[in-house]
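The values are calculated or read from the model by the stated rules, or taken from the named source; none is laboratory data. Just so it is clear, the model here is predicted, and its values are computed rather than measured. Please note: Cβ atoms are built from the backbone with ideal geometry, for glycine as well, and neighbour counts cover all protein chains shown.
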Amino acid sequence: MTRLRLAKLPELVRRCLIIATSPLQSLSLGWGTAMADYYSVIATAVSRLPSQTDEARCAIYDRARTALQEALRDYETPLLAKEQAALDDAIRTLEVIDDIREEAAALSSSR
């Protein structure tokens, strides 16, 4: 069982690195950067949850997506799409980091 967890950890780290470098990829393609630092906002909201269940985190993500759509509803579609992609990148990064923490905790408790 521990061997399986050890094998999975590099995959989680790889996923995290791919997501973390996605803004660099978008810059090299000329897409520019997002207007806001969504990761910090989402991470702070999730860290303040009394219970960090999947359902509670997903509710935060859904509220953030709705708020973004409402805030940018009068802007052009490409801007909204770019900002939604940046928000989704932040959410994926947060989820991968959470997966890594869970795996690391499981590994350390099984020793």
Residue satisfying all of: in segment 43-88; part of a helix (DSSP H, G or I) and of a type in the set (S, T, N, Q); farthest from residue 99 (Cα to Cα) among these: 77
Condition first: surrounded by 12 or more Cβ atoms within 10 Å (Cβ to Cβ) and either in contact with a Lys or Arg (Cβ under 8 Å, 6 or more places away or on another chain) or at pLDDT 90 or above (or both). Now tell me which residues in segment 100-111 satisfy that. 103, 106, 107
Is segment 60-77 home to any residue that is among the hydrophobic types (A, V, I, L, M, F, W, C), surrounded by fewer than 16 Cβ atoms within 10 Å (Cβ to Cβ) and modelled with pLDDT of 90 or more? yes
